[in-house]
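The values are calculated or read from the model by the stated rules, or taken from the named source; none is laboratory data. What you see is a predicted model; the values in this text were computed from it and never measured. Cβ placement follows ideal geometry from the backbone for every residue including glycine, while neighbour counts extend to all protein chains displayed. In case anyone asks, the SASA skips ligands and DNA or RNA and just uses the protein heavy atoms, side chains included. Shrake-Rupley method; radii C 1.70, N 1.55, O 1.52, S 1.80 Å.
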Amino acid sequence: EIGIGHHVGHATKEPVMVLKSCIGNRSLGWDLLPPGSAQYEYEGRIYPGYKESPDAWDKGTDPVPIGWYAGMQYDGDVARAKKVLDELGTYYPGATRYEVAGFFWWQGDKDRYNAAHASKYEENLVRLIQQLRKDFDAPKANFVIATLGQTEKGATGNDGKILDAMFAVDGESAKYPEFKGNVATVYSHPLSKGGASNGHYDGNAETFMNIGEAMGKAMVELLKD
């Protein structure tokens, strides 16, 4: 967020506030599943739709709910962010109003360990972008994504599916016309100094700064548009 703020803060005369919601071991296909996501079948297993539980069950059997549901992390993150915005003056002294100008997304590690989640990553990512804009009443908010640092272009398997999904939603891909000029994907592999997402890139500060700055620059270009 330091790298992000460095670029975004110099691109506008308005004050910039960055709200960060970050916790490990969360997948877009389960914990962060956005509202509107439907139940589906994958290789004989049923995977939950939004607010359903558990995370999967065998076809033909009745699901036994657990103490977590699909989208629970999404709901919590949105609620906590809205609470901060509702009490804006507490967190940004003197501020009386705000505009949600954009979102940043650097995620995907947990999804790469689950073939079903990886297969649905693109669909879920599209819905996530649409739903966040709706939930924050920000239909024109830009969206910047960063790929997982260890995944190279041309990768196969679950990692490749997630990478391809992230590039598919980039407005320049033309696959989703509604995202043209307002969604951008940063290829982070050349910016990473080693390690992988599951090991927090060996805690290398340069990796995090490089990727943050690249995401900030991408957001500035979208804001110009």
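Farthest towards the positive end of the charge dipole of the chain, among the residues 108, 21, 56, is the Cα of 21, using unit charges on the Cβ of Lys, Arg, Asp and Glu. A 1.4 Å probe, protein heavy atoms only, puts the accessible area of residue 68 near 70 Å². When the pairs 140/193; 134/175; 51/153; 59/120; 59/153 are compared against a 23 Å limit on Cα-Cα distance, 140/193; 51/153; 59/153 fall above it. FRET efficiency for the residue 10 to residue 113 pair, using the beta carbon distance and R₀ = 35 Å, is estimated at 0.35.
Exposed loop GluC sites (Glu not before Pro) only (DSSP loop, at most 11 other Cβ atoms within 10 Å): please give the longest stretch of the chain free of them, not including the sites. Within the chain, the longest run free of exposed GluC sites (Glu not before Pro) spans 100-225. Taken along the Cα-to-beta-carbon direction at a fixed 7 Å, the label points for residue 90 and residue 172 span 4.2 nm. Relative to the current alpha-carbon distance between residue 224 and residue 59, full extension at 0.36 nm per residue lengthens the span by 54.5 nm. Taking the inverse of the mean 1/r over every pair of distinct Cα atoms in segment 137-201 gives a Kirkwood hydrodynamic radius of 12.7 Å. For residue 189, the accessible area of its heavy atoms, probed at 1.4 Å with every protein chain present, is near 60 square angstrom. If the convex hull of the alpha-carbon atoms of segment 45-98 is projected onto planes in all directions, what is the mean projected area in square nanometres? About 4.7 nm², averaged over all directions. Taking amide hydrogens as placed 1.01 Å from N in the peptide plane, the amide H of residue 186 sits under 5 Å from those of 145, 146, 147, each at least 5 positions away in sequence or on another chain. Surface analysis of segment 10-61 yields an accessible area of 61 Å² per residue, using protein heavy atoms and a 1.4 Å probe. When the helices of the chain are scored as -39500 (n - 2.57) per DSSP H run of n ≥ 4 and the total is divided over every residue, the value at 222 nm lands at -10500 deg cm²/dmol. Surface exposure of segment 71-225, expressed per residue as accessible area with a 1.4 Å probe, stands at 50 Å². Per residue, the convex hull spanned by the Cα atoms of the chain measures out at 130 cubic angstrom. Expressed as a whole percent, the accessible area of the chain that falls on carbon and sulfur atoms is 51 (1.4 Å probe). Evaluating kT/(6 pi eta Rh) at 4 °C and 1.567 mPa s, with the Kirkwood radius of segment 100-225 over Cα pairs in the Stokes-Einstein relation, gives 88 µm² s⁻¹.
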